[in-house]
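These notes are about the structure you will find just below.
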Amino acid sequence: MLRKEIRNRLVEFFFVGLVMGITEDIIAIRFATDARITYHTFIVAFIVALPFAVISELIVDLKIFKKMFFSNK
């Protein structure tokens, strides 16, 4: 049960971080360049936001990873 809760929390925060990262990038692209937001712009924002979402998820939930991998079960 603990692993399922941890997985659900990680997925939830990962997607929230990813959506926020994409939104932030789209806003920055729009105001900094006056570019039109197209499908390709969205893909670039996604590619840029993805590694930051992964890294921030690992940093924020480091305690959860420690519990999951180093628990004395």
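The values are calculated or read from the model by the stated rules, or taken from the named source; none is laboratory data. Note that the structure is predicted; figures quoted are calculated from it, not measured. Here the Cβ is made from the backbone with ideal geometry for all residues, glycine too, and neighbour counts use every protein chain on show.
Is there a residue being among the aromatic types (Phe, Trp, Tyr), at pLDDT 80 or above, assigned to a helix (DSSP H, G or I) and more than 16 Å from the chain's Cα centre (by Cα) anywhere in the stretch 14-26? For the stretch 14-26, residues among the aromatic types (Phe, Trp, Tyr), at pLDDT 80 or above, assigned to a helix (DSSP H, G or I) and more than 16 Å from the chain's Cα centre (by Cα): absent.
Please give the number of the condition PHE70 fails out of (1) among the aromatic types (Phe, Trp, Tyr); (2) surrounded by 13 or more Cβ atoms within 10 Å (Cβ to Cβ); (3) at pLDDT below 80. The failed condition is (2).
Being modelled with pLDDT of 90 or more and either among the acidic types (Asp, Glu) or part of a helix (DSSP H, G or I) (or both) holds for only one residue in VAL54, VAL48, and it is VAL48.
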